[in-house]
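Input: a single structure, listed below in structure tokens.
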Amino acid sequence: MSSQDIPETSLPHEQATESSVATRVDKDPFADPGLPPHEHRIQDIDERAAKRSERTVALLFTVSMLSTVAFIASFVAFPIDKIVYIWPFGRVSALNFSLGLTLGLALFCIGAGAVHWARTLMSDVEVADERHAIEAEPEVKAKVMADFRQGAKESAIGRRKLIRNTMFGALALVPLSGVVLLRDLGPLPEDKLRHTKWAKGKLLVNQNTKEPLRPEDVAVGSLTFAMPEGMDEHDHGFLNEIAKAALMVVRMEPDDIKDKRELEWSHEGIVAYSKICTHVGCPVSLYEQQTHHVLCPCHQSTFDLTDGARVIFGPAGHPLPQLRIGVSEEGYLQALGDFEEPVGPSFWERG
Ligand code: FES
């Protein structure tokens, strides 16, 4: 191999030796160390290696071509419902498998060929390019302004005042549609999230049987889901309302209840709590009978029902709201009012 086979480099930094760079750095620690000397690849100095790389790239592109032909052939050859067994995938659609395989191979080989070409055969000489001023040259600016004036003249915007004025009006008004949408970030009308379907005298209805609950229906250590009487799953808006009114009814020994207000709001150890987690609103539904803890499956917030549904674990920021309950003259469990605080997640105003 002659020295003419070695590509010439003309950048000054490539002529700098390592020792000269080191000397510069020793003298002035802030001096530009430049780039390390360029190292030639085997393909730059050995024509046979370059030819090998060329053949590899060509092979990859050829495999890609063949894969594309195979893709088209598969599309024609395989019926859409043909199932075949292919280890280790099991039973798969022959058409889908062959289309995926051939198209994937075709694309992969194009990419691999391009990368191999760039890494082994294209020039890899380091190039430095000075930063240019960002500001345009005065002649360029003048040309842009001249073009703009010419465009304005040709559009006759100065002469056709009706078009100009209505266009400005349209452009000025159109952002208002975005401003109007901001209304949805404000409070809901009528304080909709603050109130639920619970009200004084509403009976607690078993959500599964749809029967009003009597105290004797609720055994110690049991968990019952309830909703207010009068709600029907087929009603329009049922899901919105049950998302706020869903209730858990649990019975404990009255002596187990530590919180004084909880005891007052309960009936013979029966307590009613919102089922909507105060973290981000999942239904709290895992009940631990021995401890009377309830767990939200979403992020494991855990509430202690013996202590005002206090949060004892997890990300929830507030206890579950309690519904004050009593017994109607007919002997059914009933609400003595709505929840006194907003149910659900803590991310909105909880008053
Ligand atoms: S929604 Fe209940 S813990 Fe996150």
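The values are calculated or read from the model by the stated rules, or taken from the named source; none is laboratory data. Note that this is a predicted model, so its numbers are computed, not measured. For neighbour counting, all protein chains shown are included, and Cβ atoms are generated from backbone atoms with ideal geometry for every residue, glycine included. Remember, those area values only see protein heavy atoms, side chains included, never the ligands or the DNA or RNA. Shrake-Rupley method; radii C 1.70, N 1.55, O 1.52, S 1.80 Å.
Points worth noting:
- Looking only at the range 124-159, and only at residues there that are closer than 30 Å to Asp46 by Cα and of a type in the set (Val, Ile, Thr), the one that is surrounded by the fewest Cβ atoms within 10 Å (Cβ to Cβ): Val127
- Verdict on Ala146 being part of a loop (DSSP other than H, G, I, E, B), hydrophobic (A, V, I, L, M, F, W, C) and more than 35 Å from the chain's Cα centre (by Cα): no
- Of note, Gln289 satisfies the criterion of being assigned by TED's automatic domain parsing to the domain that holds Val250 and at pLDDT below 95.
- In the range 278-303, residue farthest from the ligand (Cβ to nearest atom) [restricted to those that are in a loop (DSSP other than H, G, I, E, B) and closer than 15 Å to Val249 by Cα]: Gln289
- Among the residues making up the range 259-277, those that are part of a loop (DSSP other than H, G, I, E, B) and away from the ligand (no atom under 16 Å from the Cβ) are Asp259, Trp265, Ser266, Glu268, Gly269.
- Scope the range 216-248; condition more than 17 Å from Lys275 (Cα to Cα) and part of a helix (DSSP H, G or I); matching residues: Glu216, Asp217
- Condition met for Phe225 (open to solvent by 70 Å² or more (accessible area, probe 1.4 Å) and of a type in the set (Phe, Trp, Tyr)): no
- Exactly one residue out of Leu101, Leu121, Leu95 is under 18 Å from Val69 (Cβ atoms) and either over 36 Å from the mean Cα position of the chain (by Cα) or open to solvent by 50 Å² or more (accessible area, probe 1.4 Å) (or both), and it is Leu101.
- Of all residues in the range 194-222, those that are touching a residue at least 12 places away in the same chain (Cβ under 8 Å) have Cβ atoms under 8 Å from Cβ atoms of residues that are open to solvent by 80 Å² or more (accessible area, probe 1.4 Å), 6 or more apart or on another chain, in Arg194/Gly351; Val205/Glu211; Asn206/Asp217; Pro215/Glu268; Val220/Glu253; Gly221/Gln289.
- Test: residue in the range 320-327 that is of a type in the set (Lys, Arg) and within 19 Å of Val218 (Cβ to Cβ): yes
- Being open to solvent by 20 Å² or more (accessible area, probe 1.4 Å), closer than 18 Å to Val343 by Cβ and either in contact (Cβ under 8 Å) with a residue 24 or more places away in the chain or in contact with a helix residue (DSSP H, G or I) (Cβ under 6 Å, 6 or more places away or on another chain) (or both) is a description that applies to Met231.
- Scanning the range 73-91 for residues that are in a helix (DSSP H, G or I) and surrounded by 12 or more Cβ atoms within 10 Å (Cβ to Cβ) yields Ala73, Ser74, Phe75, Ala77.
- Selection within the range 160-195 - modelled with pLDDT under 80 and not in a helix (DSSP H, G or I): Gly186, Pro187, Leu188, Lys192, Leu193, Arg194
- Counting only residues that are surrounded by fewer than 23 Cβ atoms within 10 Å (Cβ to Cβ) and assigned to a loop (DSSP other than H, G, I, E, B), the range 304-338 holds 16 of them.
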